């Protein structure tokens, strides 16, 4: 037995000696696979993703034996470059979006042109280039092997076809062992592809990327896959879905005009800060105190960021899990609050933006969402002041008010969205409003009596962000002041933060974990403590406010503490404006006892817990209520079903199919059970 073992070990050693380049490729690729997980999902030593990556690498290596030894370097170098790029791209992407890149995002690549500064200054880090070592290592080994005439020696030993078969057998053995470790949940997530972090955790970065390619290609020919199942699920859901009920807010704003302020990157925590006695967001705070303020409101954006929030707030559907609605699925028949108001109340609808009209395909998508007109950048505005990516918010609002006055004169009722821009990452154009916030903290030395000036947040990304937020708040204040004279009498203001700041945990630690943090808090009880993955996610709230002069100091003026998501805006606002949506997946916040906010990656939050689906763990928020696994399992199932249902509606244009009676055609063909 010992002799057989020794003989087997000698064969393995001899095999490795005559396959040095192949071994270098496999080992270096596995190390990079572990590194990408180390810097992202952190399960770098987990056996399952290592086995999954090994299967991919072994299969690729097997085909390398069809090349002669002297040509194998080019083959393995090509794959090494490809895998290195996969790691770098995903490392950069994860640092900004907490998810992994997808082939379906290629259509959005053109949007990066205007955001190159953000990519360079706010995203790319030196550590994200560490994966390049694989290429250098392979080149170094190749040079050393050439010096020792290695390729000449092994060409007489290596029989390509035999080694191909041997490597294929080994890869199948490893694959079988890996499959035996998988659960039904793992396979389901791999097929659905929407929880990318979980896939990388369980299957490794290389399996994830290849599976993403298959999933993205499948999406482009979606009529061949999954339509029947999605349509059946859709029909079963809406056949039993109850119509939105009435409450004390029903028809409260019927006949009112609407100005929706799409507040770029404004995060909720900024409303509780005051520097040197000056509130950071005094105007937003005033609207919150006088209006209906939803203090636990979350954006539910995916890779489309601002465009996702525009879509979700209008349609009450989640963003697409593959690509973006504005770029990939814009030409669908969506039900939106704009269309309901146009059809039932004869509203004129419009959007305004200080950026280019074709940014995120807005000039095309808007008509499908129900906008009558789109006013933007050079077409409708004088570019008299630029900050960041386009026209400054103050100039944008000033010029927009003049256009709105004309609209108001011509139309009895209207709904307008004003998309802000100045507070867009990377918040680097701060010299134009640097005076707005003074972070220098003054202290007196008790021994010498000397005044000590502490810069604190100066020249930090979060410091720049806070200055940018203060500017945005001033712009909002100026907008309200300009509207007050004649337009607010029959108008409500709807303000929502489109998504969080996209700053990293390390930036928030500079604020929350500083000794000066409590000195700038308005509400001293609103402390956060140490920033970890859970506190970082939970504190990504953004403001949502509905304000009207008619409800100030009335029974309708209140703070709503129940958790709410972007998907809930449309049904909540529709009820107030006197229209009833049929296909909203969100809830009217005044008609429910407990709500859940489901994020596109499968995470979710209630008032009781925040659940991380990729890690399968949660943090309890309500410490006075006991949480059992039945509670978690029920909401997990709800979250998965909601994501699948929403994706089906978007991908297969199911609202149009249902409204046009396509189900009858399908039944005749025997496609619907």
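Among the conditions (1) part of a loop (DSSP other than H, G, I, E, B); (2) at pLDDT 80 or above; (3) more than 15 Å from residue 52 (Cα to Cα), residue 158 misses just one, which is (2). In the condition set (1) assigned to a helix (DSSP H, G or I); (2) in contact with a strand residue (DSSP E or B) (Cβ under 9 Å, 6 or more places away or on another chain); (3) buried (at least 20 other Cβ atoms within 10 Å of the Cβ), residue 492 is compliant with all but (1). Which one of these does residue 529 not meet: (1) surrounded by 13 or more Cβ atoms within 10 Å (Cβ to Cβ); (2) touching a helix residue (DSSP H, G or I) at 6+ places or on another chain (Cβ under 8 Å); (3) without any contact (Cβ under 8 Å) to a residue 40 or more places away in the chain? Only one criterion is unmet by residue 529, namely (1). For the range 56-102, the set of residues classified as touching a residue at least 12 places away in the same chain (Cβ under 8 Å), over 26 Å from residue 174 (Cα atoms) and in a helix (DSSP H, G or I) consists of 70, 88, 89, 91, 92, 94, 95, 96, 97, listed by residue number.
For the structure I just gave you, tell me whether residue 614 is more than 30 Å from residue 250 (Cα to Cα) and in contact with a helix residue (DSSP H, G or I) (Cβ under 9 Å, 6 or more places away or on another chain). Yes; evaluated as a whole, the condition is true for this residue. Can you name the residue in the range 267-302 that is out of contact with any helix residue (DSSP H, G or I) (no Cβ under 6 Å at 6 or more places or on another chain) and in a loop (DSSP other than H, G, I, E, B) and, of all such residues, is nearest to residue 473 (Cα to Cα)? Filtering the range 267-302 for residues that are out of contact with any helix residue (DSSP H, G or I) (no Cβ under 6 Å at 6 or more places or on another chain) and in a loop (DSSP other than H, G, I, E, B), the one nearest to residue 473 (Cα to Cα) comes out as 267. If I filter the range 314-334 for residues that are in contact with a strand residue (DSSP E or B) (Cβ under 7 Å, 6 or more places away or on another chain), under 22 Å from residue 491 (Cα atoms) and touching a residue at least 12 places away in the same chain (Cβ under 8 Å), do I get at least one hit? The answer is no; no qualifying residue exists.
A single entry from 485, 478 fulfils the requirement of being at pLDDT 85 or above and over 19 Å from residue 541 (Cβ atoms): 478. Consider the range 341-361 and keep the residues that are out of contact with any helix residue (DSSP H, G or I) (no Cβ under 7 Å at 6 or more places or on another chain) and assigned to a loop (DSSP other than H, G, I, E, B). The one that is surrounded by the fewest Cβ atoms within 10 Å (Cβ to Cβ) is 346. Pairing residues of the range 233-250 that are in a loop (DSSP other than H, G, I, E, B) with residues that are exposed (fewer than 12 other Cβ atoms within 10 Å of the Cβ), at Cβ distances under 7 Å and at least 6 apart in sequence or on separate chains, gives no pairs at all.
Taking (1) under 30 Å from residue 319 (Cα atoms); (2) modelled with pLDDT under 75; (3) over 23 Å from the mean Cα position of the chain (by Cα) in turn, residue 184 satisfies each apart from (2). Taken over the range 383-400, the criterion of being at pLDDT below 95 and surrounded by fewer than 19 Cβ atoms within 10 Å (Cβ to Cβ) is satisfied by 383, 384, 385, 386.
From the residues in the range 594-614 that are without any contact (Cβ under 8 Å) to a residue 60 or more places away in the chain and not in a strand (DSSP E or B), which one is nearest to residue 641 (Cα to Cα)? Result: 596. In the condition set (1) modelled with pLDDT under 95; (2) over 19 Å from residue 314 (Cβ atoms); (3) out of contact with any strand residue (DSSP E or B) (no Cβ under 8 Å at 6 or more places or on another chain), residue 612 is compliant with all but (3).
Among the residues of the range 339-349, are any under 22 Å from residue 427 (Cα atoms) and either outside the structural domain of residue 568 (by TED's automatic domain parsing) or within 29 Å of the chain's Cα centre (by Cα) (or both)? Checked against the condition, which is being under 22 Å from residue 427 (Cα atoms) and either outside the structural domain of residue 568 (by TED's automatic domain parsing) or within 29 Å of the chain's Cα centre (by Cα) (or both), the range 339-349 yields no hits at all. In the set 242, 278, 264, 246, only one residue is at pLDDT below 95 and closer than 27 Å to residue 650 by Cβ; that residue is 242.
Which members of the range 567-593 meet the condition of being under 21 Å from residue 306 (Cα atoms) and not in a helix (DSSP H, G or I)? If the condition is that a residue be under 21 Å from residue 306 (Cα atoms) and not in a helix (DSSP H, G or I), then 584, 585, 586 are the ones that fit. Only one of the listed residues (581, 571) is in contact with a helix residue (DSSP H, G or I) (Cβ under 6 Å, 6 or more places away or on another chain) and under 30 Å from residue 487 (Cα atoms). That residue is 581.
Per-residue answers, yes or no, for (1) at positive phi; (2) crowded, with 16+ Cβ neighbours inside 10 Å; (3) in contact with a helix residue (DSSP H, G or I) (Cβ under 9 Å, 6 or more places away or on another chain); (4) without any contact (Cβ under 8 Å) to a residue 40 or more places away in the chain:
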| site | (1), (2), (3), (4) |
| --- | --- |
| 540 | no, yes, yes, no |
| 556 | no, yes, no, no |
| 559 | no, no, yes, no |
| 563 | no, yes, no, no |
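The values are calculated or read from the model by the stated rules, or taken from the named source; none is laboratory data. Not measured: the values here are computed from a predicted model. Positions of Cβ are backbone-derived with ideal geometry, glycine not excepted, and every protein chain shown enters the neighbour counts.
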